[in-house]
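Just so it is clear, none of the values below were taken in a lab; they were calculated from the coordinates. Because the structure is predicted, anything quoted here is derived from the model rather than measured. Every residue, glycine as well, gets a Cβ built from its backbone with ideal geometry; the counts of neighbours run over all protein chains shown.
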Amino acid sequence: MFRGEPTAYWTVNLGFAFFLITQLYGIANARLIVLPGNTIAIHYYLAFFGWIGFLIMGAQLQFFRAMASVRKYEPTFLRFLFLFTLLIGIGILIMVESLELRFYSFIGLLVYFLGVIIHFYWLYHYQPKKYFKLPLDHFFVAQAFFLSGVIILLLKSLEIRPFVFVERNIVTHIFVFGWITITLEGALIRILPMFVGKRIAPSQKKRLNYHLSFRILSSLLVILSFSSTFQFLTAITSLIWFGIWLWTLYILAKSILTTKGTLQHYVSLLFFLPGLFWFTFGMVVGIFLVIIPNISFYLVIRRLHIHFSLLAGLSLIMLGAYHRINAFQTFTLLYTGKTTDRTELILLREKRMSFTAIGLNLGVLVVLIGFIIDDFTLVGFGGLITFIFTLVFGTSIGQNILEYLKNKKDALPYYLKPSEATKPRTR
Ligand code: HEM
């Protein structure tokens with residue numbers, strides 16, 4: 001079903017809303033504005049469970065549907081329960097941390113966990129006959145990592161031994177090395193070339209299964225070594241992990257540079273290329289943290305590592321993907337099977353997106369410089385620039401959402417194919 005899907009649509013759009021709120025809490029962490037409660041913890045939950053969580057799960061539902069030909073995610077009540085549990089879960093986490101009642105965070109985690117379980121159930125239930133199929137295999141494995149991280153956080157919050165001794169840092173690395181990286185790599189290898197008018201380089205195809213196996217193994221090793229006290233082991237496993245990341249970049253470069261087809265959508269590259277650069281650089285900074293024992297300015301380097309990889313790196317890549325996904329979903333939900341002068345290109349608003357890409361790159365650069373010179377006012381100021389350009393980005397998204405809400409009653413039901421336009425089904 002090469003069409004948008006409403007649950008996936010609202011999930012990614014809510015993810016974007018969480019990105020804005022994450023930034024507000026980042027600005028509060030830099031003490032430029034005042035927000036109540038433990039703002040660092042709230043910023044953390046919003047970043048991982050809100051921005052990254054919603055965007056990844058929504059995008060996975062969308063691509064999974066297209067590639068596994070899922071007509072509808074069923075039963076219908078689960079579609080509502082999925083969004084409801086994720087939203088209520090995150091709402092409780094924010095409330096609990098705002099009121100500094102951390103003890104009750106297990107309620108929020110438990111409710112959020114139910115939403116993740118529903119998502120996992122769909123990936124399992126609607127698996128195509130030819131499982132594993134790139135990038136669905138990546139998505140499935142990535143979600144297994146996410147699920148395990150959420151379970152550990154939940155058990156930790158319930159003070160169940162031995163989980164109570166697991167540091168949050170380890171869970172964060174389960175998220176980053178397992179869930180985020182594997183989703184990202186599946187998308188980079190399979191979807192990014194397609195986004196710019198290219199395909200997977202045939203010379204790389206036969207090695208992709210090995211790539212995934214090595215990736216899973218290296219991520220497991222690096223996560224296990226983070227739980228050990230041997231820094232040397234962490235350094236070695238991180239280097240292996242990083243080698244496989246470089247392999248991913250190589251596959252991507254081969255696909256973009258050597259396959260037929262003209263390079264299109266340069267605006268997407270304004271998000272993807274700097275994003276990939278910063279993500280890689282953030283990982284190098286992380287490796288420095290483990291290779292050099294008792295590194296001075298540990299906190300400064302740690303903050304840099306986090307924001308190079310997650311704000312400048314991952315968030316730019318995710319925004320690049322999101323503006324494409326949103327235009328695709330809006331267009332196919334509204335206009336499949338209809339004659340119209342609207343096109344997906346109009347909904348992409350590439351000129352405005354180029355402008356916001358430049359502004360966002362500038363904003364994250366100011367945040368990073370602020371962290372480098374340990375000047376939180378500059379961090380907050382950079383955050384403000386990023387926030388403003390995210391709002392400009394949001395005007396295009398908002399226009400698409402309004403167009404969807406205004407016209408959806410006249411659209412072909414989302415679970416129908418264009419060929420079924422004249423004989424609507426009631427299902
Ligand atoms: C404009 C945006 C942002 C600003 C100004 C900002 C600022 C900050 C500041 C000041 C801290 C506290 C550092 C400390 O005191 O040690 C922090 C922590 C953090 N930020 Fe951001 N941030 C932004 C966006 C993001 C994004 C988009 C992500 C992830 C996708 C992110 C992930 C984190 C994480 C994981 C922490 C560490 C939380 C912890 O220690 O538990 N930030 N941020």
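In what sequence do Y266, Y112, Y104, Y335 fall when counting other Cβ within 10 Å, fewest first? Write down the numbers at each step before the final one.
Numbers: Y266 12, Y112 25, Y104 15, Y335 20.
Listed from fewest to most nearby Cβ atoms, that is Y266, Y104, Y335, Y112.
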#### Entry: Label-point separation, E344 to Y124 (7 Å along Cα→Cβ), nm
3.3
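How much length is gained if the chain between K206 and T258 is pulled fully straight, taking 0.36 nm per residue apart and subtracting their Cα-Cα distance, in nm to one decimal? Can you show the working numbers first?
Values: separation 52, 0.36 × 52 = 18.72 nm, distance 1.62 nm.
In short, 17.1 nm is gained.
Kirkwood Rh and Cα-based Rg: tell me the resulting Rg over Rh for the chain, rounded to two decimals.
Working: Rg = 21.1 Å, Rh = 22.2 Å.
Across the chain, the Cα-based Rg/Rh ratio is 0.95.
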## Note on the structure
Summing -39500 (n - 2.57) over every DSSP H run of at least 4 in the chain, dividing by its residue total and rounding to the nearest 500, the 222 nm mean residue ellipticity is -24000 deg cm²/dmol
### Message
Can you compute the charge dipole magnitude of the stretch 307-427 about its Cα centre, using +1 on each Lys and Arg Cβ and -1 on each Asp and Glu Cβ, nothing else charged? Give it in debye, rounded to the nearest 20.
### Response
840
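Between R199 and V300, take the C-beta separation as r, use R0 = 56 Å, and let me know the FRET efficiency to the nearest 0.05.
Values: r = 42 Å, r/R0 = 0.75.
Result of the calculation: an efficiency of 0.85.
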### Task
Please tell me the relative contact order of the chain in percent, rounded to the nearest whole number, where contacts are Cα pairs under 8 Å and at least six residues apart.
17
### Query
With Rg and the Kirkwood Rh both taken from Cα atoms, where does Rg over Rh land for the stretch 56-106?
1.18
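Taking the Cβ of each residue in L276, L147, L252, L391 as the centre, tally the other Cβ atoms inside 10 Å and list the residues starting with the fewest.
Values: L276 24, L147 17, L252 21, L391 13.
Final ranking by Cβ density, sparse to dense: L391, L147, L252, L276.
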### Task
Work out how much length F2 to E74 would gain on full extension: take 0.36 nm times their residue separation and subtract the Cα-Cα distance, in nm to one decimal.
24.1 nm
### Query
Which helices of the chain meet both criteria: a Cα extent of 15 Å or more along the helical axis and a mean Kyte-Doolittle score no lower than 0.0, with helices taken as whole DSSP H segments?
6-29, 53-68, 76-98, 105-125, 136-157, 181-195, 208-227, 231-258, 266-291, 316-335, 350-372, 376-407
### Task
Quick one: Debye curve from the alpha-carbon atoms of the stretch 328-427 only, equal weights, vacuum; give me log10 I(q)/I(0) at q = 0.18 Å⁻¹ to two decimals.
-0.83
### Query
Taking neighbour Cβ counts within 10 Å as the exposure measure, how do H119, H307 sort from fewest upward?
H307, H119
### Summary
So, over other residues within a Cβ distance under 13 Å of N400, counting Lys, Arg +1 and Asp, Glu -1, the net charge is +4
### Message
Could you give the length gained by full extension between L246 and L110, i.e. 0.36 nm per residue of separation minus their alpha carbon distance, to one decimal place?
### Response
45.3 nm
### Task
Work through the residues other than K260 whose Cβ is under 11 Å from its Cβ and net out their charges, Lys, Arg +1 and Asp, Glu -1.
+2
## Note on the structure
FRET efficiency for S148 and V284 from the Cβ-Cβ distance with R0 = 25 Å, rounded to 0.05, comes out at 0.40
